Amino acid sequence: MKIGNKKIISSIFIIVLTLSFISSIYAITGSIGNARMILRPEIGDSIERSILVKNINDIAVDIELSVTGDLVEDIKIKNNKFRLNAGEEKKALFTIDVRNSGTTETKINVKFAPIDGGNGVGLSSTIIVIPEEGNKDAGSIFDIFKDDEKVVEGEKVNGEVSVGKNKDKSALGSEESENKNMGLTILGGTFTIILFISLLILLTIASKHLKKINSEKLIPIKPKKSLDE
C-alpha cells in the first residue's frame, strides 16, 4: 500500500473516532428538580429532604449520588444508587443532621450514566443550611427583610436544571451562563460539521485513488520488440 493511501485511511479513522466521541458527549441528558435549597433548621434537628431526579432520555440510565462540602459527615443519602427507565423520575431522599451553628454549603452531586457504561453527565444540588437557635416560630421584626425562597421539591420555579442534549436551564441560570452554553453548543455543532465535511472529502479522494489503481492494473503491457525483427 502506498504512503498516500495510508495517510488517507488514517485520517478517515481519526475523524470517525472524533465524531463518535462528540456524539457520545451529547448522548445523555441529566435533569434534577432542586438545584438549590436554603434551609433554616434549629441546632439538633434532623431534617429529611429530597431531590427530584428525572430521566428525560429515551434510554434507561444509572443514577449515582454523592456528597461534597461542609456537611459530608452529616448528610446521609437513603439510596445513592438506582436505575431509572426512559421517562421515569424518582425522589432521592436524604437526611441532614444539624449539629453545629454557622452557615454551611454542601453539594449533592447527581451522576447520570448509560447502563452500557458510556459517557455520562453530572449535576449538583446546592444545600445551604443556616441553623437558628431558640424558637424559630417566634419570629423577629427583621424577618421582613429575608428574601430566601421556600424550596418545594419538584417545582421548576425552585431551581430545576438540566444538562446535556435538549438543555433546559432555568430559575437559577443567569443570562450570561445561558449565552455561554449556547456559544459552546454552536461551537461544538460547527466543529462537528467541519469534521463531517472533511470526512466526505477524504472518502472522495480515497475513491479516486482506488479507481486510478484499478485502471492501471487493467492496462495491458505490450511486449518489447526483439532485435531480430
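Bear in mind that the values in this text are calculations on the coordinates, not laboratory data. Bear in mind the structure is a predicted one, so any value in this text is a computation, not a measurement. Neighbour counts run over all protein chains shown; Cβ positions are idealised from the backbone, glycine included.
Below is a table of values for the structure above.
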item	result
Total formal charge among the other residues, if their Cβ is under 13 angstrom from that of Asp97, Lys/Arg +1 and Asp/Glu -1	-3
Calculated FRET efficiency for the pair Lys81/Arg40, C-beta based, R₀ 30 Å, to 0.05	0.50
FRET efficiency, 1/(1 + (r/R0)^6) with R0 22 Å, evaluated for Ser10 and Lys212 via beta carbons	0.70
Counted charge near Ala113, where neighbours are those whose Cβ lies closer than 13 Å (Asp, Glu -1; Lys, Arg +1)	0
